[in-house]
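The values are calculated or read from the model by the stated rules, or taken from the named source; none is laboratory data. These numbers come from a predicted model, not from an experiment. Glycine also receives a Cβ, built like all others from the backbone with ideal geometry; neighbour counts cover every protein chain displayed.
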Amino acid sequence: MSTTSGEPVIRVSDFSFRIAGKEILRDVSFDVADGEYLSIVGPNGAGKTTLLKCLDRLLTGGSGRIEVCGRPLQSYRQKELARLIGYVPQADGHILPFTVGQFVLMGRYPYLSPFSSIGKDDRRAVAEALEMTGTSEFADRMLETLSGGERQKVFIAAAMAQGAKILLLDEPTSFLDYHHQDDIRALLARANRKSGVTVVSVTHDVNRAALESRRIIALRRGSIAFNGTPREIMNPETLQEIYGSSFLLVDHPCVGLPIIAPNVPSEGDA
C-alpha cells in the first residue's frame, strides 16, 4: 500500500447514500489514518453497516466522495482493492461447505488468475494467517464443525491472508461468549499494534470501543453525531445526544476511563 506521508488511508467527504429512495447516510465526512484503530458506534439503524459496505464497495453509488490511499474508490479494479481492504461481515449463521484451509486460501484470490497455480507465497500467507489467528489446528476441519468464535477467527484469517492493510469488521464479537470475545479483541489488537493493520470496526459496545480504539465515530440517523477520542465520548451529555437515553458512568478500575454502567431497574419497572 503506497501512501504519502500523513495521507489518510481512507477519506470520506460529504458522502450520502440511499436505498430504495430512503436516505441511509447523509453528508458523512471523516478520515482514517494509516495504522489507526477506529470504532464506529451508534443506535440501531444509524447506517453503520451500510457505511462499512460502501467503504468496501459492496454497496455502490451514492453522492460525495470516498478515497482509499489517495485514489477514488471507484477507480480500483476489484482485485486491486482486495489487496488493500479485507472485509469481515457480521456473523449470520450461514456456513460455507469448505475446510478452514480451503476457506482461508480463498483470501488469496486477488493474487491468482484463472490459469495460475497456488504458489509458495500463497501457502506461506495462509500459514501465517492461520498461525496469527490461532486457527492452524483447524486447517483440515470443515467450517460447520467449528464454534461461532472459532469461525469468526477463521473469517479474520481469510481477510489477513489477502495481505490487506485495512480491515473492515462488522460486529466482530457479536453473539460470542466472553472467552471468544477476548480472543477476537486480542487478535485485532495484535494485528493493529504489531503488524500496523488499520482497523475500522463497527460495534454496539461503546465500552469496548472506548477501551480498544484510538478514535470513535458515532452515527445517528445517518449522520456523524460524534468524532473524537474515547474519553471525549464518555460523558452523559454526549451519549444522551447520540442515543437519546440517559447513562450512568463509572471510572474503570484499571485505566481510569469512564465506562457505562448498567442502570438498575426501579421498583416501578418490576
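Quick rundown of the values:
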| quantity | calculated |
| --- | --- |
| Whichever residue in the stretch 210-230 is assigned to a helix (DSSP H, G or I) and among the hydrophobic types (A, V, I, L, M, F, W, C) and, among such residues, is surrounded by the most Cβ atoms within 10 Å (Cβ to Cβ) | ALA210 |
| Restricting the stretch 89-107 to residues that are of a type in the set (Val, Ile, Thr) and at pLDDT 90 or above, the residue that is nearest to ALA125 (Cα to Cα) | VAL104 |
| Matching strands (runs of 3 or more DSSP E) fully within the stretch 1-103 where at least 1 residues are touching a Leu at 6+ places or on another chain (Cβ under 6 Å) | 10-19, 22-32, 63-68, 85-88 |
| Yes/no for SER75 being loosely packed, with under 13 Cβ neighbours inside 10 Å, modelled with pLDDT under 85 and not hydrophobic (A, V, I, L, M, F, W, C) | no |
| Exclusive hit being over 29 Å from GLN240 (Cβ atoms) and in contact (Cβ under 8 Å) with a residue 24 or more places away in the chain, set THR198, THR173 | THR198 |
| Residue within the stretch 180-189 that is free of Cβ contacts under 8 Å to residues at least 40 places away in the same chain, in a helix (DSSP H, G or I), on the phi < 0 side of the Ramachandran plot and in contact with a Phe, Trp or Tyr (Cβ under 6 Å, 6 or more places away or on another chain) present | no |
| The stretch 186-230: number of residues that are under 30 Å from GLY21 (Cα atoms), of a type outside the set (Gly, Ala, Ser) and in contact with a helix residue (DSSP H, G or I) (Cβ under 6 Å, 6 or more places away or on another chain) | 6 |
| The stretch 243-270 residues that are at pLDDT below 95, paired with ones that are of a type in the set (Lys, Arg) (beta carbon under 6 Å, 6 or more apart) | none |
